[in-house]
Structures are given as C-alpha cells and as structure tokens.
Amino acid sequence: MVQRYGDVAGGAEAHARALVNHLAPHLAIEVATTTARDYWTWENAYTAGLTWVDGVPVRRFPIERGRARDFRLREHRAFAAGHSLADELAFVDAQGPVAPDLRDHLLAHGRDFDHVLFFTYIYWPTLTGLPLVPERAVLVPTAHDEPAIGLGVYRPVFHAPRAIAYNTEEERRMVHRRFNNERVPGEIVGVGVDALAGEAMRFRQRHALAGPLFLYVGRIVESKGCRELFERWARWQDGSPQKATLVLIGHREMTIPERPDIVHLGTVAEQEKWDALAACTALLVPSVLESLSLVTLEAWAASRPIVCDASSPVVASMARRAGAGLAHRDAAEFAAICELLMERREIGEGLGRAGAAFVARTCTWPSVVEKYLDLFAEVRARNA
Amino acid sequence: MRRRVLVVVQRYGEEVVGGSEQHARLAARRLAERHDVEVATTTALDYWTWAPHFAVGTTAVDGIPVHRFAVASGRAPDFKAFERHVLFEPHDAADEDAWTTKQGPHAPELLEFLHREGGGYDALLFWTYIYEPVARGVPLAPERSGLVSTAHDELPLRLAPYRSLFHLPRAIGYLTPEERALVHREFRNEEVPDVILGTGLEPPRAHDAAEFRRARGLAGPLVLYLGQVSEGKACDELFAAWAAFRDRHGAPAATLVLCGTVRMEIPVRDDVLALGRVSDEEKLGALAAADALVLPSRLESLGIVLLEAWQVGTPVLVAAVNPVTAGQVRRAGGGLAYGTPDEFAARLTALLTDRETARQLGARGRAWVERECTLGAFDRRLDELVDLVAFH
C-alpha cells in the first residue's frame, strides 16, 4: 500500500519500489496504489486497474479528491494551538489523496494477504486503510519530526499495526517519544543501496565542468532546505578566493539563483547520478526534515562524505554514527567545512571510506530483505 | 496509587437501565473510593432513540462529576433498513462507518472533549465497544485507554469501525473468559493485556422465602425465571421445553414463576405464573424460595441473575448453547446446562427430585460468588485494569 507507485519522484515511493522488487523473489507480492503521479495535486494520471511494474502486479485505484484548494488554510488551522478534532479531520481530507475504492479493496481483500505493508504514515490511504487490517499490518512510517505527526488522528496509525519497520534509530526514538507506542514491535530495517560504479571524468566532460564540485541531489524545493543552501553557498563563494561549482540534480520546484557557479542539470539517468557522485568533493544535504536520506547512503556507497545541517536530527545523527560527514550550524561553518574538504582531500577521503564501510555494514539488500522477512514471520506467527 | 480516571460510556445515571451502563456506574462508584473519577457521557436516557433527557454540562451523580455532551443525532430513522443493507447486501467501507453513526449516539462534542482533555487523565476507561463514543474515542488516546468491551457474538462486531478497536487500548477488561476467547478468535489481539473483570455484588439484603410463597399463594416446587420475558431472551424456547417436560407422564409437580416485564404472550397453563416486575426485596425472596433458577438466553454478556441466585444458594439451569452462562456454571459448579428439550426435562427432574445434589450445587455457587464476586474482589480487578492502563 503506497500513495503513488511506478515512475514517480519521491524518496518514500522510490524506497517502496526498490523494496518491493527485492522482496518479490521471496513472496507473492502485489501493490495497491492510486492513479496519481504528482504528490501535490494527486491528479489522476495513470489508468485505473491492474498493470505490471517491474513484473509485479500493481492495482491502481482512482482518486476521488486530490489536494483541496484550501489545503494551506486547513493545514494552518490543524497545526494551530488549541485546534479541534474536526480541524484535524479536515486537514487529512484536504491533504488527500482520498481514494475510497482503494480502501474498499482493503476491506474486501486485505485479509486475503498474510501481510499488508503500508508506506508513509501521513496520507489518507494509510490513515484510513491500516485500521482495517491491523493484525497483519506492517507500517513503514518514513516519519520525521514535523507538525503533522503531532496530530491526534495519527495515534491509531502508530498503535494499531502488528509491527513497525523503522528506517533509522533516530526515527524510532522520535516515534516512541511522541506516541509511547513501545509495545508495538519495531525493527530498524533500513534500506538497501543499489550502487553503480561511477566515472567522474565522463561526468565532467559531458557537462564541461572543471574544478571542485559540490553536489545536491533531490527535489529542489524550500522544504528540503534549498533556500538556506543557496544563501550559504552565495555568502561563501562571494567572499572567498576558493572557487567551486554547485551541481544540482533533481526536479526544480523553486527559483534557482542565476550564478555561474550554480549548475542545474534537472533529473538525470541513474548512471549519471553515480558519475556525479564520483566527481564531487562532497554531497550537500541541507534538509532538516528527513526520516532517512537515501541519497546520503548513495554518497557513502560512492565513498563520498556529506555536508549536512547540524539541526537535522536524523541526517546529522547518522553522519555522526557513520563518521562520514560534517555538520554546520551556520553560514560561516558551512564555508569553513567546504574549504577544508577542498584543501585537505585526505579528510574527505577518510570520511568517504567510513561512509562506504557503514553502508556495507547496514545497507545491503540481503540484510534488509532478511529483516523484513523476519518481521513478516513474526506477524504470521501471531496470526497463526 | 491514586489516579485520575475518566469513565466514558454512552449513557449514565441512576435512572439508566442497561447491563453495560449499570456495570460502568458500579465501576465508577467503586473506583471513586480510591481514585479521582469523572464520567463523560451523553444527555441520553433511552438507548434506542438517544433522545436528550439530561441537561448538557457537568453535574454530580453519587458525588462523581459527570460531563454530559449533546447528542447531535440519535438513531437514524432508516437505521433498521440501513443495517440490513450493511449486514446482508453488497456495500462499501463508508457504509460500515456510517452504520456506527446511524446507530447513535452521535456526539461530536464528547469526542472533542476527549481530544482536548483526554491527555489530562491517567486512564480513560471506555464501556461498550459498539457505540460511537467508544469506537471513535479509543483511537484518540490509545496510549491511555482501557476498553470494557462487553462484546458478544453478533454481526456488527465484524464491521470496519471495530477492526482495529480491540488492538488499540493499553488493556482490555472482559466480563468473562468466553468474551475474551471470542475477541481473541475474531481479532487476534492476544498481545493486548487483559483482566477478567466480572462484576461485584452487594451482600444480599434481608429476604424471606416463606413470605414470598405466602404473599403469592405458591406451594410445591418452584422454578424461577427472572428478567425480561421476551423472545429475544429465548422465553419461547423455555415455554416449549417447559410444556414438554411437564406434560410427560410422571413428571414432578412444579410451577414456573416468571418475574419481569412481559413482552410476549404467556402460555395459559396452571403451572406457569407471570408476576410482572417485582421489587428488589421480593426478587430476593423469590430467588431464595425457588428450587432452581432457569436462564434460557442465548446471548448474554454476563448472567448477573445467576450470581444473584447463587448468593442465596439456589442452583441454576442454563442453555448450553450460550457459552457465557454455560461457562459461568462450569466455573462455579453452581448448576447444570441443557441442550435439547429432553435434556431440559432430565436436568430439571434431577434438580427437583435429588434434593441433596441440588443443595450441593447451590452451595458451590454460593461459595464461588462469595469468593469471586464480592465488591472487594471486584475492586482488586478494577485496580489491576487501571494499573495496566495508567499512563506512565
């Protein structure tokens, strides 16, 4: 169960698809999702009905209501202090995607399956669907510490499932603190990384890039911290003799400053992303709201360090655990870290090696798949 | 440890008739002796219409603060037809949600109160799984909720709003082991800790069996039925079995005495006597005067009348098809169970003719209630439930 599936942008959705494909050899697996491609409008883009993605059957159900036109107002009211239960319910409905046929499918057929894996706690399909099959539900919350998770309506989502598959220790700690749901079995399953060998020279030649490169991969949007990234980048480059280029890969959803030292490549093929990782001095991860940064793990798999915001609870903590990144608290520290990595290449290489070791230790698909299969076996035992 | 406890129940008050509601009130009063107890409920008195009867606002009942919230809509005029649709025709998930709302009482202000104030209590104890205040209230604060489900095997138990309800609370108080077995079988929620609450009874007040016989002009062996006289309580089956028993050759002399509101036609026979509703005092006299109490009901969450019979040492005869009352009789050893009309006749003959066995059964029943159903024993089980639930 996932709100969107297939060739769609989005970390949780990419994670869902990669996991499904790695689980498919071990289980008879089906996907139930909506016809949406876009996470904001939830506009019906795919045809409803049965289709196949990577050889896996996918049932798509139509969306009756996408994101409401007054969503921002509903969100504002639900997040305000002293808001009512009715405000929360209106927010969930306005957020979408409201797909009653998907819910009816779960009501009628959910119990035909041994396990129902729900991706992402926040959207209507999980909120209204998980309570229909709690005894066989495994939740992959992809939760981060954001206002929505403080709403009362999400309590059943974190108390009802048979098990919860957390991506990181940090996520589990945050969920336990908020919900006191320690009694729900929770495993840290993580994600696997499918690394490709990257070629730095190929990337530099194709885009005519010389000198030190810093890389950003992901949606280019304010909620991912891109505004702060651009400000810190400009302050550093405008005041320093050390010249470098910021390479942006991903879909643009905000204005990108027009500067010779910022290059936007749009979305690129998988191989090109790995070439870019091989070419960069470090990956910049400015987002402070992240349950798990998949691209961070990919940078580490490519033996590259990351530069992250110290106020990001998950990414900064993971970087500390892995010993594979440096965190900045302000623009001055950002500049100092970037210059350090340019001047002392051995520091970046050491961090990158630690990152590669961390990924090899915790993020291989065989170990992730094994953790999921263990969770499923526990669920089956309880329902036997 | 003294806790802040909120009891949530669909109706509440001295005038309110209903097993679950009386159980909730008894529990609230007992808990209030050791904890800070409040009640959240609706303005309804009647369980069918949920028409407003009490005033909105906070009053004290038995010294306990009771917060009453308006019923925005009672039972929908089309409830019966809609129920048929949801239970027996193709329908969708939204219909199953709507069933709970149409049943009433739909009291959104009560839910807003739980949303707003629930976090201020150590434990929220919810009575009766089927009504909206519980089905939609428990999910608002699962981490501090206790559910006293009073469930029995009925079709609505399988509807969408209840699929996760039994997985959410911190702990569940069941009335009987049979209720627990039903819920575990249906929902596989064995992981939720539970307490078999049962109930607690005041010691029996003074009563006079001879006075009951004299006042009602009764002689010879008496078989008592106590409760609403209706087909819903399987009294039609009781009358058929009684006639077959009495009309056979050599049957022992006996009179079937019915105490309770009559909601069906009573067979006209010399050996069947309907007294209508009787006072609590006369009820005890009737129980003590009876040679046996008979309870034919197929659906019962907890046979309180069995416990009352045992308090005065009277053995009971129950329908084996009802797992709850049959389980009570098996555990207490205070009577017999019957399946077929032939078994009814044979067991009743035994109770009326083998006086020593009948006396022993009654004595075992009395010993059991004196051990398990005192207010003190009930208090201990309630505190166990509160301890499991109380937020820490």
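The values are calculated or read from the model by the stated rules, or taken from the named source; none is laboratory data. Note that the structure is a prediction, hence the values are computed from the model and not measured. Ideal geometry is used to build each Cβ from the backbone, glycine not excepted, and the neighbour counts take in all protein chains shown.
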State whether the residues of the range B:101-109 include one that is more than 14 Å from chain A (Cβ to nearest Cβ) and out of contact with any helix residue (DSSP H, G or I) (no Cβ under 8 Å at 6 or more places or on another chain).
no
Expected output for the range A:258-271 (first residue part of a loop (DSSP other than H, G, I, E, B), partner surrounded by 10 or more Cβ atoms within 10 Å (Cβ to Cβ), Cβ below 6 Å, 6+ apart or cross-chain) is A:D261/A:Q237; A:D261/A:T245; A:T267/A:H251; A:V268/A:I249
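Let me confirm something: among B:A151, B:A123, B:A93, which residue is more than 14 Å from B:Q10 (Cβ to Cβ) and within 11 Å of chain A (Cβ to nearest Cβ)? Full working, then the answer.
On the way: B:A151 fails: within 11 Å of chain A (Cβ to nearest Cβ); B:A123 fails: within 11 Å of chain A (Cβ to nearest Cβ).
Being more than 14 Å from B:Q10 (Cβ to Cβ) and within 11 Å of chain A (Cβ to nearest Cβ) holds for just one of B:A151, B:A123, B:A93, which is B:A93.
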If we scan the range A:363-380, do we find a residue that is surrounded by 19 or more Cβ atoms within 10 Å (Cβ to Cβ), modelled with pLDDT under 95 and within 14 Å of chain B (Cβ to nearest Cβ)?
yes
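If the requirement is being surrounded by fewer than 24 Cβ atoms within 10 Å (Cβ to Cβ) and either in the same structural domain as A:L73 (by TED's automatic domain parsing) or of a type in the set (A, V, I, L, M, F, W, C) (or both), which of these qualifies: A:A143, A:A148?
Working: A:A143 fails: surrounded by fewer than 24 Cβ atoms within 10 Å (Cβ to Cβ).
Just a single option satisfies the conditions, and that option is A:A148.
Does A:T47 meet the test of being assigned by TED's automatic domain parsing to the domain that holds A:E88, part of a loop (DSSP other than H, G, I, E, B) and among the polar types (S, T, N, Q)? Spell out how you get there, then give the answer.
Working: assigned by TED's automatic domain parsing to the domain that holds A:E88: yes; part of a loop (DSSP other than H, G, I, E, B): yes; among the polar types (S, T, N, Q): yes.
Judged against the criteria, A:T47 is a match.
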When the range B:189-203 is checked residue by residue, the ones that are of a type in the set (V, I, T) and either more than 14 Å from chain A (Cβ to nearest Cβ) or farther than 30 Å from A:E182 by Cβ (or both) are B:V195, B:I196, B:T199
Checked against (1) touching a helix residue (DSSP H, G or I) at 6+ places or on another chain (Cβ under 6 Å); (2) farther than 28 Å from A:N181 by Cα, B:K233 satisfies every condition except (1)
Flagged in the range B:241-264 as surrounded by 12 or more Cβ atoms within 10 Å (Cβ to Cβ), assigned to a loop (DSSP other than H, G, I, E, B) and either among the aliphatic types (A, V, I, L, M) or at pLDDT 95 or above (or both), in numbering order, are B:A251, B:A254, B:M264
Residue count, the range B:204-232, condition within 25 Å of B:A151 (Cα to Cα) and either within 14 Å of chain A (Cβ to nearest Cβ) or assigned to a loop (DSSP other than H, G, I, E, B) (or both), comes to 5
The correct count of residues that are within 15 Å of the chain's Cα centre (by Cα) and among the polar types (S, T, N, Q) in the range B:289-313 is 2
Listed by first then second residue, the pairs whose first member lies in the range B:272-293 and is in the same structural domain as B:L306 (by TED's automatic domain parsing) and modelled with pLDDT of 95 or more, whose partner is of a type in the set (V, I, T) and in a helix (DSSP H, G or I), with beta carbons under 7 Å and at least 6 positions apart or on separate chains, are B:L293/B:V305
Taking the range B:265-281 and the residues there that are surrounded by 10 or more Cβ atoms within 10 Å (Cβ to Cβ) and of a type in the set (A, V, I, L, M, F, W, C), the one that is nearest to B:H207 (Cα to Cα) would be B:V278
Scanning the range A:200-241 for residues that are over 21 Å from A:A299 (Cβ atoms) and of a type outside the set (A, V, I, L, M) gives A:Q205, A:E222, A:R227, A:E231, A:R235, A:Q237, A:D238, A:G239, A:S240, A:P241
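Answer yes or no as to whether B:R347 is within 22 Å of B:P203 (Cβ to Cβ), away from chain A (no Cβ under 14 Å), more than 21 Å from the chain's Cα centre (by Cα) and in a helix (DSSP H, G or I).
No; evaluated as a whole, the condition is false for this residue.
Within the range A:79-91, identify whether any single residue is within 14 Å of another protein chain (Cβ to nearest Cβ) and within 23 Å of the chain's Cα centre (by Cα), and answer yes or no. Please lay out each step first, then the result.
Keep residues of the range A:79-91 that are within 14 Å of another protein chain (Cβ to nearest Cβ), which gives A:80-91.
Among the residues that remain, those that are also within 23 Å of the chain's Cα centre (by Cα) are: A:91.
For the range A:79-91, residues within 14 Å of another protein chain (Cβ to nearest Cβ) and within 23 Å of the chain's Cα centre (by Cα): present.
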Screening A:V368, A:V295, A:V315, A:V379 for residues that are under 19 Å from the mean Cα position of the chain (by Cα), assigned to a helix (DSSP H, G or I) and not assigned by TED's automatic domain parsing to the domain that holds A:A210 leaves only A:V368
Is it the case that A:V58 is crowded, with 20+ Cβ neighbours inside 10 Å, of a type outside the set (K, R), more than 14 Å from chain B (Cβ to nearest Cβ) and closer than 28 Å to A:L19 by Cα? yes
Selection from the range B:21-40 of residues touching a helix residue (DSSP H, G or I) at 6+ places or on another chain (Cβ under 8 Å) and more than 17 Å from B:D383 (Cβ to Cβ) yields B:V39, B:A40
Check: Is it the case that some residue within the range B:77-99 is buried (at least 21 other Cβ atoms within 10 Å of the Cβ), within 24 Å of the chain's Cα centre (by Cα) and small (G, A, S)?
Finding: no
| query | Taking A:L351, is it under 26 Å from the mean Cα position of the chain (by Cα) and not assigned by TED's automatic domain parsing to the domain that holds A:Q237? | reply | no
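Applying the selection to the range A:165-202, what residues are within 14 Å of chain B (Cβ to nearest Cβ) and out of contact with any helix residue (DSSP H, G or I) (no Cβ under 7 Å at 6 or more places or on another chain)? Talk me through it step by step, then tell me what you get.
First pass over the range A:165-202, keeping only residues within 14 Å of chain B (Cβ to nearest Cβ): A:175-186.
If the condition is that a residue be within 14 Å of chain B (Cβ to nearest Cβ) and out of contact with any helix residue (DSSP H, G or I) (no Cβ under 7 Å at 6 or more places or on another chain), then A:H176, A:R177, A:R183 are the ones that fit.
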Going through the range A:63-89 in order, the residues found to be of a type in the set (A, V, I, L, M) and either surrounded by 20 or more Cβ atoms within 10 Å (Cβ to Cβ) or over 23 Å from A:R37 (Cα atoms) (or both) are A:I63, A:L73, A:A78, A:A80, A:A81, A:L85, A:A86, A:L89
Counted residues in the range A:111-154 being assigned to a loop (DSSP other than H, G, I, E, B) and of a type outside the set (S, T, Y) come to 11
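Here is a list: A:T168, A:T245. Which entry is among the hydroxyl-bearing types (S, T, Y) and assigned by TED's automatic domain parsing to the domain that holds A:M318?
Details: A:T168 fails: assigned by TED's automatic domain parsing to the domain that holds A:M318.
Step by step, each of A:T168, A:T245 is checked, and only A:T245 is among the hydroxyl-bearing types (S, T, Y) and assigned by TED's automatic domain parsing to the domain that holds A:M318.
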